[in-house]
């Protein structure tokens, strides 16, 4: 099913530029990949997540959503709501592979793109209308992705990232929608505030208590009142409700990384000490990933010996920002890399192939208690500093 733009009438504000931003989103990504492996799942309620009642839902099909199932819901509740659902543990290696394939297709064609998460991309195709046509170009890119991967994908095309993302949501499932510059406000006004970025459950409850249910009503609230109500975020929410978003599409590169290394005052062969240092560094880097809402899929360990010989070893893993996974991988790499048994001058850790996204990708086995533990520890770190809570082994 495809959805196309409507004649919404003239916009109420003048936009400062003529940007053309496309937002592409793979529909129910995990479920779609599983259906490629097993076509009998098509049309049936499918839940991806932990196979035990103690876990949570990582993703679910539209058929399961009709029963009230949604991501991050406790699996026990999901089973009650949709007793006929087919539950699959999930395969993050497979999902990561398909995500990278889609990114490669986009990279071959797009002048400027940003990988926002494992299943989302923004593309700045400003100027394409003079040569090829932005809508036609994006439509053909979507077709290429579907033909090459077999995955359903939707896109929204508009003047900025906010409006294009909302348009994608309206185009789903497996559709496309263009919102031209003069159509932006008439398009946004009747939509629920739930469909707007930055509106979480807490903000939604606050606005609904004020009688605000649509984006149009939200946009009519004075900006000063929104600032008093929500601080700086209030201004951003007000801008988005009025179709204003200056955020650029950030060039994506698999080489983006975060790293930390230490040169010892005296060369050492104390392996216990070195592993403690690696553990501490990984813990701090993983916290920074979560703080910036980033995930990594590549861990790199670096060793420099006393004679200045330098060696590195890397391993590709499913996207994550969890300490316990990254620490385990880092220590395994160190054990494989350190074979010469001579004094070490420097050791370093690097996480690369970063993408945007909150940690939800390793919850097939991790219980709600594990996720709650990370959330609690990170809140303490945000308030009192990153050294407020640490593993004893990494100190």
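Coordinate-derived values only; no laboratory data. It should be emphasised that the depicted structure is a prediction, and the values quoted were computed from it without experimental measurement. Virtual Cβ from ideal backbone geometry, glycine too; neighbours counted across all protein chains shown.
Brief remarks on what is shown
- DSSP bridge orientation in segment 91-215 - percent antiparallel, rounded to nearest 5: 60
- Shape parameters for segment 140-286, alpha-carbon atoms, Rg then Dmax in Å: 22.7, 68
- Two-site FRET efficiency, residue 108 against residue 223, from Cβ-Cβ distance with R₀ of 25 Å, rounded to 0.05: 0.05
- Antiparallel DSSP beta bridges within segment 1-188, as percent of all bridges there, nearest 5: 75
- Of the residues 121, 148, 316, the one with the fewest other Cβ atoms within 10 Å heads the list, and the complete ranking is 148, 316, 121.
- Intensity falloff of segment 193-252 expressed as log10 I(q)/I(0), Debye formula with alpha-carbon point scatterers, at q = 0.22, 0.27 Å⁻¹: -0.83, -1.22
- Highest-first arrangement of 37-44, 193-200, where packing means the average Cβ count within 10 Å: 193-200, 37-44
- Taking 0.36 nm per residue of separation and subtracting the current Cα-Cα distance, fully stretching the chain between residue 312 and residue 206 would add 33.1 nm.
- Three-way shape label, segment 46-203, alpha-carbon gyration tensor, a/c 1.5: oblate
- Gyration tensor (alpha-carbon) shape descriptor, segment 46-139, a/c threshold 1.5: prolate
- As a proxy for reagent exposure, ranking 202, 143 by other Cβ atoms within 10 Å from fewest up yields 202, 143.
- If you take the Cα centroid of segment 268-311 and the Cα centroid of segment 61-112, the two points sit 31 Å apart.
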